[in-house]
Amino acid sequence: AVQPKSKKTLAKSGVKNIVVVEGVRIPFLQSGTSYADLMPHDLARAALQGLLNRTNVPRDVVDYIVYGTVIQEVKTSNVAREAALGAGFSDKTPAHTVTMACISSNQAMTTGVGMIAAGQCDVVVAGGVELMSDVPIRHSRKMRKTMLTLNRAKTLGQKLSLISKIRPDYFAPELPAVAEFSTSETMGHSADRLAAAFAVSRLEQDEYALRSHTLAKKAQDGGLLLDVVPFKVPGKSRDTVTKDNGIRPSSMEQMSKLKPAFVKPYGTVTAANSSFLTDGASAVLLMSEEKALAMGYKPKAYLRDFVYVSQDPKDQLLLGPTYATPKVLEKAGLTMADIDVFEFHEAFAGQILANLKAMDSDWFAQNYMGRKSKVGAPPLEKFNSWGGSLSLGHPFGATGCRLVITAAHRLKKEGGQYGLVAACAAGGQVMMLCGLALFPL
């Protein structure tokens, strides 16, 4: 590791220092592959066990467990609790599940940060999980209503009367959609409109997606993705998964052949420049600095300032990072020039590029943000340099932890001190964590 350059500390008097001791994730896989027969708590349990194995932290030291997820499996609605029990944590260790779209595990981590800062806990495990291979599909509302009424019917006559009212359209299933409830618009449509608004071309999007896959492949082959722990898939004796399987550097020529996925026929968002449906889980170990050092751990990073912002979910659904960046920098007392490592969630190449253009626009800052001048775009050489969600995959509930631990590993590898993590989410919300300061050597 390179010796980090010395900059000002972000420590605050009277506020506990909170550290990331370690973070892991099981390999992120395209949905419908090796994890297809499992349930979400199986994946979360594997991530928790991977964290325990790597840190050797005694299970009874953990005060609390928080997990993020988006599409809930109804049988395990509090997936944090089921995964924790499966991983061998004490039944006396409380656990709860949070949901905040693609920033669910970010919310899990900051919930843990709040608990430690408030003095409620010293040790919190936070994580996230998503299993897109198997999502709940419901009967239509008419059918659900009939079945519930049928359950209460007392006589055979009442039951037959209800059954006779069932019509063929009752059997049409309700499929979950990655769409905004308030606008009924899929996120892909929003990304396409955003790319058009900022004049982000199809060529630019494909080039950025190819960059993501190329950098991810290089990081994977170079052994840089240190957060990945192998997972022996239950029920498949020969199947131990060791690496992400969605990293596929293509060629510009091949990518250009794909048709628009959302806005047809003239849209620019395609399957090649969008993140894919992914199964995966992650977990991080958070502690107060005092507790970590007392237990003999060498933490990876301090967690400093974070902000959540919300925007209009129709026209600015994916522009959150642009709005949140100046806020979190001002809160931390830093500038863009102080940031050594940027880790932004890549939902779509067009979304990333639109944000970079918005961040670099004085006009946008003045007309939309009420600011005198732009915050400036991150330099690409510091940005997602080990790949991102477009290539590594995006299990909705688990990505936030991947971003944080990757930023910590990159800071150490590159000799940086400050990291900036951002992720946009459905509902026009975003979370940004700034001053992910490297723990001093």
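The values are calculated or read from the model by the stated rules, or taken from the named source; none is laboratory data. Because the structure is a prediction, the values reported are computed rather than measured. Heads up, the Cβs are rebuilt from the backbone with ideal geometry, glycines too, and the neighbour counts pull from every protein chain shown. Keep in mind that these areas ignore ligands, DNA and RNA; they rest on the heavy atoms of the full protein, side chains included. Shrake-Rupley method; radii C 1.70, N 1.55, O 1.52, S 1.80 Å.
Some observations on this one:
- Counting only residues that are in contact with a strand residue (DSSP E or B) (Cβ under 8 Å, 6 or more places away or on another chain), in a loop (DSSP other than H, G, I, E, B) and surrounded by fewer than 18 Cβ atoms within 10 Å (Cβ to Cβ), the range 216-230 holds 1 of them.
- Residue that is least open to solvent (accessible area, probe 1.4 Å), among those in the range 38-57 that are farther than 15 Å from VAL21 by Cβ and not in a helix (DSSP H, G or I): LEU38
- Within the range 196-224, residues that are of a type in the set (D, E, K, R) have Cβ atoms under 6 Å from residues that are crowded, with 18+ Cβ neighbours inside 10 Å and assigned to a helix (DSSP H, G or I) in these pairs: GLU204/LEU353; ASP206/MET255; ASP206/ASN273, counting only partners at least 6 apart in sequence or on another chain.
- Residue within the range 269-287 that is at pLDDT below 95, in a loop (DSSP other than H, G, I, E, B), of a type in the set (A, V, I, L, M, F, W, C) and more than 25 Å from MET115 (Cβ to Cβ) present: no
- Search result, residues across the range 111-144 that are of a type outside the set (A, V, I, L, M) and in contact with a helix residue (DSSP H, G or I) (Cβ under 8 Å, 6 or more places away or on another chain): CYS121, ASP122, GLY127, GLY128, GLU130, PRO136, ARG138, HIS139, SER140, LYS142
- Any chance SER182 is under 30 Å from VAL263 (Cβ atoms) and open to solvent by 70 Å² or more (accessible area, probe 1.4 Å): yes
- Cβ-Cβ distances below 9 Å connect the following pairs, each with a first residue in the range 152-176 that is within 30 Å of VAL70 (Cβ to Cβ) and modelled with pLDDT under 95, a second residue that is of a type in the set (Gly, Ala, Ser) and open to solvent by less than 90 Å² (accessible area, probe 1.4 Å), and a separation of six or more residues or different chains: ASP169/SER140; TYR170/SER140; PHE171/SER140; ALA172/SER140; PRO173/SER140; GLU174/SER140.
- Those strands (runs of 3 or more DSSP E) of the range 322-441 in which at least 2 residues are surrounded by 22 or more Cβ atoms within 10 Å (Cβ to Cβ) and at pLDDT 95 or above, considering only elements entirely within it, cover 341-344, 419-425.
- From the options ARG202, ARG193, residue that is open to solvent by 50 Å² or more (accessible area, probe 1.4 Å) and touching a Ser or Thr at 6+ places or on another chain (Cβ under 7 Å): ARG202
- Taken as a whole, the structure places GLY235 among residues that are in contact (Cβ under 8 Å) with a residue 12 or more places away in the chain and over 21 Å from GLN316 (Cβ atoms).
- Annotation note: Cβ proximity below 7 Å between a residue of the range 25-43 that is closer than 15 Å to ILE247 by Cβ and a residue that is among the hydroxyl-bearing types (Ser, Thr, Tyr) and open to solvent by less than 20 Å² (accessible area, probe 1.4 Å) (sequence gap 6+ or interchain) occurs for ARG25/SER282; PHE28/THR278; LEU29/TYR35; LEU29/THR278; GLN30/THR278.
- Filtered residues of the range 58-85 (kept if open to solvent by 10 Å² or more (accessible area, probe 1.4 Å) and either part of a loop (DSSP other than H, G, I, E, B) or touching a residue at least 40 places away in the same chain (Cβ under 8 Å) (or both)): PRO58, VAL61, ASP63, TYR64, VAL70, ILE71, GLN72, GLU73, VAL74, SER77, ASN78, GLU82
- Selection status of VAL124, under 22 Å from the mean Cα position of the chain (by Cα), open to solvent by less than 50 Å² (accessible area, probe 1.4 Å), of a type in the set (A, V, I, L, M) and closer than 26 Å to PHE171 by Cα: no
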